[in-house]
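Take a look at the structure below.
The values are calculated or read from the model by the stated rules, or taken from the named source; none is laboratory data. Since the structure is predicted, the reported quantities are computational estimates derived from the model, not experimental observations. Virtual Cβ from ideal backbone geometry, glycine too; neighbours counted across all protein chains shown. For accessibility, only protein heavy atoms count, side chains too; no ligands or nucleic acids. Shrake-Rupley method; radii C 1.70, N 1.55, O 1.52, S 1.80 Å.
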Amino acid sequence: MNKLRYSEAFYSVQGEGKFVGVPSVFLRTFGCNFRCINFGLPRGTPMRETGVKYNPEVRKLLDDGITSKTEKFEDLPIVHTGCDTYASIYPEFKKYMMDRTADEVVDHLLSLIPEGKWTMNNGQDIHLVITGGEPLLGWQRFWQELLEHPRMRDLKNVTFETNATQSFLAVAISITAVAFVSPVASAPVCEGPHISKDISTDSVSENFSYAVAISALVAAKSSVPLASELVDTAKASPAALSKV
Ligand code: SF4
């Protein structure tokens, strides 16, 4: 039986992108193939070298024994530079990670929704935002099991927030919900051109619709061409984009 490793799930309102303002359940997976350390540096600060494992702020927290002092994931301090979900990417924070079956994850997600179902009595649908970490990092088989679960049938809209390095195809051919793929280009821009072309493929099943939203945060003008390449990659697949 597949299990999902995740850090947290919570109910809130989407604060960005196409579905801003829509009530959503956020599911944050554990693990990422990047270690982004350059977010939030003051303007003009030289970017830190790629290949550095720890954001200095996170390194200091670890050196100060943060994991032995903090009981709950939600009580961990906020950092101001680097990946803001550091506790979902570094193995040192595994103690906060949940490792649960599809049944257990569904129980958790539905317990967060006011009416305990994805489509409310007034017709408003609750979206599911699968974020991370990197949610497409080897989890494809689990996503099929989760999204095809009997108690997920009234779920109409799923957003995968991905760093765009992983294949989306295995997910796309297996689920029938409408998915909205939101590749955050910042990591590839920081680390190099690792963008998966599958993100914009139109080779998906007929009963599956998806769109791609590009959120590119660039630290330097020299990174703009790479962000533009990602946008062009998505535009090169109008058939897939027009299905939504
Ligand atoms: S890709 Fe996203 S989750 Fe992963 S390290 Fe970078 S900012 Fe964090």
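There is no residue in the range 160-174 that is away from the ligand (no atom under 16 Å from the Cβ) and acidic (D, E).
Does the range 23-47 hold any residues that are of a type in the set (D, E, K, R), within 13 Å of the ligand (Cβ to nearest atom) and in a loop (DSSP other than H, G, I, E, B), and which are they? Steps first, please.
Step one: list which residues in the range 23-47 are of a type in the set (D, E, K, R), which gives 28, 35, 43.
Filter again for within 13 Å of the ligand (Cβ to nearest atom), leaving 28, 35.
Listed by number, the list holds a single entry, R35.
Does the range 85-127 hold any residues that are within 14 Å of the ligand (Cβ to nearest atom), touching a Phe, Trp or Tyr at 6+ places or on another chain (Cβ under 7 Å) and either at pLDDT below 95 or not polar (S, T, N, Q) (or both), and which are they? Within the range 85-127, just A87 meets the criteria. Selection of first residues in the range 84-106 that are closer than 9 Å to F30 by Cα and of second residues that are within 12 Å of the ligand (Cβ to nearest atom) and of a type in the set (F, W, Y), restricted to Cβ pairs under 6 Å at least 6 apart or on distinct chains, gives the following pairs, ordered by first then second residue: S88/F30; M97/F30. Against the definition (polar (S, T, N, Q), within 16 Å of the ligand (Cβ to nearest atom) and free of Cβ contacts under 8 Å to residues at least 40 places away in the same chain), how does N55 come out, yes or no? So N55 passes the test. For the range 14-46, the tally of residues that are farther than 30 Å from R59 by Cα and modelled with pLDDT of 85 or more stands at 7.
Within the range 84-94, being out of contact with any Leu (no Cβ under 8 Å at 6 or more places or on another chain) and open to solvent by 60 Å² or more (accessible area, probe 1.4 Å) holds for D84, P91, K94. Within the range 112-139, the residues that satisfy the criterion of being buried (at least 19 other Cβ atoms within 10 Å of the Cβ) and either among the hydroxyl-bearing types (S, T, Y) or not in a loop (DSSP other than H, G, I, E, B) (or both) are H127, L128, V129, I130, T131. Criterion first (surrounded by 15 or more Cβ atoms within 10 Å (Cβ to Cβ), assigned to a loop (DSSP other than H, G, I, E, B) and not small (G, A, S)) does T81 satisfy it? Yes.
For I66, the conditions (1) open to solvent by 90 Å² or more (accessible area, probe 1.4 Å); (2) more than 16 Å from the ligand (Cβ to nearest atom) all hold with the exception of (1). When the range 12-21 is filtered for residues that are more than 16 Å from the ligand (Cβ to nearest atom), touching a residue at least 24 places away in the same chain (Cβ under 8 Å) and open to solvent by 30 Å² or more (accessible area, probe 1.4 Å), the ones remaining, listed by number, are K18, F19.
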